[in-house]
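Undergrad: Right, I'll just put the structure down here and ask away after.
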Amino acid sequence: MTAKIIDGKEIAHKVRKNIAKEVEILKAKKITPGLAVILVGNNQASRAYVTMKEKACKELGMYSLLLEYPEDLGQDELLSKIEELNQDKSIHGILVQLPLPKQINEMAVIEAISPEKDVDGFHPINIGRMMTGQDAFYPCTPYGIMVMLEHIGYDVAGKHAVIVGRSNIVGKPSGQLFLNKNATVTYCHSRTTDLAYHTKQADILVAAVGIRNLITAEHVKPGAVVIDVGMNRDDEGKLCGDVDFDAVKNIASYITPVPKGVGPMTITMLLFNTLKSAKKIHEKELQALNC
Ligand code: NDP
């Protein structure tokens with residue numbers, strides 16, 4: 001069996017086209033969705049992500065505000081900037097690029113962002129809403145995975161999803177979104193004994209660890225759908241995932257590549273959440289205009 005490749009870049013492109021259309025409609029009504037991105041320090045990977053987000057935002061006609069601060073920024077200063085953005089009517093989404101320098105408490109920063117503008121979906125209120133099946137901003141990477149599966153027409157209900165990784169931003173919320181869609185969910189992590197025993201039971205296997213080639217052919221059930229979230233570098237410095245792609249593609253029914261898999265979907269869902277926030281914040285005006 002050779003797996004079908006889930007082309008994240010192509011799916012992202014389709015979703016972005018729809019977002020752009022909606023942005024145009026909003027702009028005709030004098031509402032421009034705006035995303036503020038805060039970058040603290042000189043982490044090169046963070047800078048690259050922020051640049052990609054800013055570019056994607058502009059491409060779709062959204063307003064993008066990039067705020068850059070030095071590595072030694074104090075926590076209070078950052079919190080007061082976030083409060084300003086919470087009140088800023090031109091901003092509908094606020095994203096603080098993680099990780100933050102040691103002197104800043106990440107959770108305090110996440111909690112300072114208004115849940116109504118928390119387009120990353122990391123605020124405990126949005127996490128709680130997601131867990132209780134309410135409308136919420138879903139974290140972008142897990143949300144992107146669900147949208148990819150929808151696009152290939154794969155119904156997760158009744159399937160066994162095994163998630164390798166339990167971080168707050170990828171692993172845990174991925175499992176929750178699968179559960180919300182009636183999958184049976186197993187989480188694996190660094191303390192899991194016999195990883196392959198669990199992953200071999202998966203109809204859908206999500207690898208979100210950050211270890212190159214952790215998932216080999218021996219970890220995968222024939223016909224499984226394999227989603228590779230990992231972002232690592234190979235010996236030549238090329239981007240690669242957590243899955244041994246060449247071996248696993250002969251066993252899986254579907255597989256996401258790295259790059260051009262989950263990555264483009266993550267940024268797309270950030271833009272989707274920003275649009276959603278703008279529509280929600282201006283709900284009353286939009287209703288009045290439609291009357
Ligand atoms: P974290 O480092 O926060 O979490 C990694 C998880 O992997 C932890 O839960 C850890 O377990 C688990 N783990 C570590 N070693 C093993 C092992 N040997 N077997 C099983 N589980 C293990 O990473 P993130 O969740 O933030 O990111 C995961 C990967 O996804 C990274 O490569 C990251 O770069 C990438 N990523 C990609 C995105 C995209 O858009 N494509 C977006 C975000 C992340 P424990 O909890 O026990 O420590």
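Undergrad: Where the only charges are on Cβ atoms (+1 Lys, Arg; -1 Asp, Glu), what is the dipole of the chain about its Cα centre, to the nearest 20 debye?
TA: 840 debye
Undergrad: Which cross-chain or sequence-distant (5 or more) residues have an amide H under 5 Å from the amide H of residue 160, H modelled 1.01 Å from N in plane?
TA: Distant-sequence amide H within range of residue 160: 184, 203, 204.
Undergrad: For the ranges 111-118, 244-251, what's the packing order if you count other beta-carbon atoms within 10 Å of each residue, average per peptide, and put the highest first?
TA: Taking the mean over residues of other Cβ atoms within 10 Å, the ranking is 111-118, 244-251.
Undergrad: Roughly how big is the stretch 140-264's charge dipole about its Cα centre, with Cβ charges of +1 (Lys, Arg) and -1 (Asp, Glu), in debye to the nearest 20?
TA: Using only the charged Cβ atoms, the result is roughly 320 debye.
Undergrad: Another question, then. Which whole-Hz couplings ³J(HN,Hα) result when phi for each residue of the stretch 188-198 is put into the Karplus expression 6.51 cos²θ - 1.76 cosθ + 1.60, θ = phi - 60°, listed in order with x for Gly and Pro?
TA: After applying 6.51 cos²θ - 1.76 cosθ + 1.60, I find 10, 7, 5, 9, 5, 9, 6, 3, 4, 4, 6 Hz.
Undergrad: With a 10 Å radius around each residue's Cβ, average the other Cβ atoms per peptide and rank 123-134, 215-226, highest first.
TA: The most tightly packed comes first, giving 215-226, 123-134.
Coordinate-derived values only; no laboratory data. Predicted model only: the values in this text are computed from it and were never measured. Virtual Cβ from ideal backbone geometry, glycine too; neighbours counted across all protein chains shown.
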